[in-house]
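What follows is a short report on a single structure.
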Ligand SMILES: Cc1ncc(COP(=O)(O)O)c(C=O)c1O
């Protein structure tokens, strides 16, 4: 991940074709507009290329690793080739494993289940819940939570200190996110990996928000594992990836027990007859992939990896940085808007920004962006409650009704609004978003809103 080098290449490309770019949505105020999907950090639209590859393969779909027929053979090859493509995309070392999972959450839970007995885990409290919560599921694992750092350097220092204080110890793991799903800020992965290794610990990178925006090279970063989800990488077919060191995975009990993970199962017989079964488990990635593999999901991820590599990250990053600057410049002109940041205005970041608007309930604001401008963003705490509360300086409490402004001028917001974009985002979506923010703040919403089933939705009448 050479962010600086990549960003320095100013050969900006056009948006890559994604599905949904022609979808029209109704406005509560009348008429229709092209839907502006600005919630890529939750789930990105499928790349057209991914969709086309999947459609071309679909007639040839067959079982993987369990059929003698031609299509089974073909599907098995496609699945295993997808594994190789992903390994190459991630810069895996020769003996690394690529395990296909359901998602980042699944990948990190798999790694948590595979930790050697008594592993010590070090994690920043700023992590997404997927990388914050799996470790304590293991009763024998001790988790050290590190406070929110305010600079990348502070993050490295805090980790160094925490690791040094706990020496000597046996197996240890550091878990860190590559790019924050709240602020979009990049974490100093290479430096954290070096700190971890200097103290005999390993590191797993939660790259859910990094892989769609930046190259991730395991060998170059010297990270031990990486986890990500297909649906954030323009490949929404229910697959994710855990890739990295084979040893802990090989020695752990299978994540799921069943067919595909087992190489040989034999009857165990006592004097009276059968009394159990003995199992020889695979030692390859298949050990943690029991059940029929999701070949379409794996192929879709491989197709996305290929599409991004062919488009070239330097050009993709250059374009995304331009969009980020447009959004930041636009929001900076609205004094009521406060952009949330851990590392400060100059931090390197991907196209994910969260903000609050003085005097506005964030759910109300997000609902108005959708209903009055056809813009899809997200509001809430983004499955990173401790981080968002730290950034807002707020305490856990009910966000309240959306209809009335919850945060009066000078008061703290209880949740935030997040805008996020990527390789398929046209300039117009970003420009419409900036205009909409300005108009809503200046003129107010043109419609009334109410809370229904916990969501803020347009009421029947105009405001
Ligand atoms: C940084 C980060 N990690 C992990 C996840 C979890 O991803 P998934 O829901 O696909 O498991 C997300 C999802 O938003 C995320 O942003």
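Every read-out reported here was derived from the displayed coordinates using simple, explicitly stated rules and does not represent laboratory data. If you're wondering where the values come from, they're calculated on a predicted model, not measured in any experiment. With ideal geometry, Cβ positions are generated from the backbone for all residues, glycine too; neighbour counts draw on all protein chains shown.
Structural remarks
- At q = 0.09, 0.19 Å⁻¹ the log10 of I(q)/I(0) for the range 220-378 amounts to -0.56, -1.26, computed by Debye summation with a single uniform scatterer per C-alpha, solvent ignored.
- Degrees, to the nearest 10: 189-198 long Cα axis against longest axis of the chain: 40 degrees
- FRET efficiency estimate (nearest 0.05) - Cβ-Cβ, residue 455 to residue 264, R0 41 angstrom: 0.20
- With R₀ fixed at 45 Å, the C-beta to C-beta distance from residue 428 to residue 166 puts the FRET efficiency at about 0.30.
- Working note: Debye formula, equal point scatterers on the alpha-carbon atoms of the chain, no solvent; log10 I(q)/I(0) at q = 0.11 Å⁻¹ is -0.92.
- Packing here is the average count of other Cβ atoms within 10 Å per residue, and on that basis the peptides 287-293, 349-355, 214-220, 440-446, highest first, run 349-355, 287-293, 214-220, 440-446.
- Rounded, prolate or oblate (a/c below 1.5 giving rounded, otherwise prolate when a/b exceeds b/c) for the range 50-309 by Cα gyration tensor: oblate
- The range 333-393: Cα Rg divided by the 2.2 N^0.38 Å rule of thumb: 1.18
- Note on the range 50-309: antiparallel DSSP beta bridges, both residues inside, total approximately 55 percent of the bridges counted.
- Among beta bridges identified by DSSP and lying wholly in the chain, the antiparallel ones come to about 65 percent.
- Cα gyration tensor shape of the range 158-300, rounded if a/c is under 1.5, else prolate or oblate by comparing a/b with b/c: oblate
- The packing ranking of peptides 356-365, 153-162, highest mean first, is 356-365, 153-162, where packing means the average number of other beta carbon atoms within 10 angstrom of each residue.
- Using alpha-carbon coordinates, inclination of helix 104-114 to the longest axis of the chain, degrees: 40 degrees
- Angle between the chain longest axis and helix 152-165 axis [Cα atoms, degrees, rounded to 10]: 40 degrees
- For peptides 377-386, 233-242, sequence by mean Cβ density within 10 Å, most packed first: 233-242, 377-386
- Taking a ≥ b ≥ c as the square roots of the eigenvalues of the Cα gyration tensor, an a/c ratio below 1.5 marks the range 94-207 as rounded.
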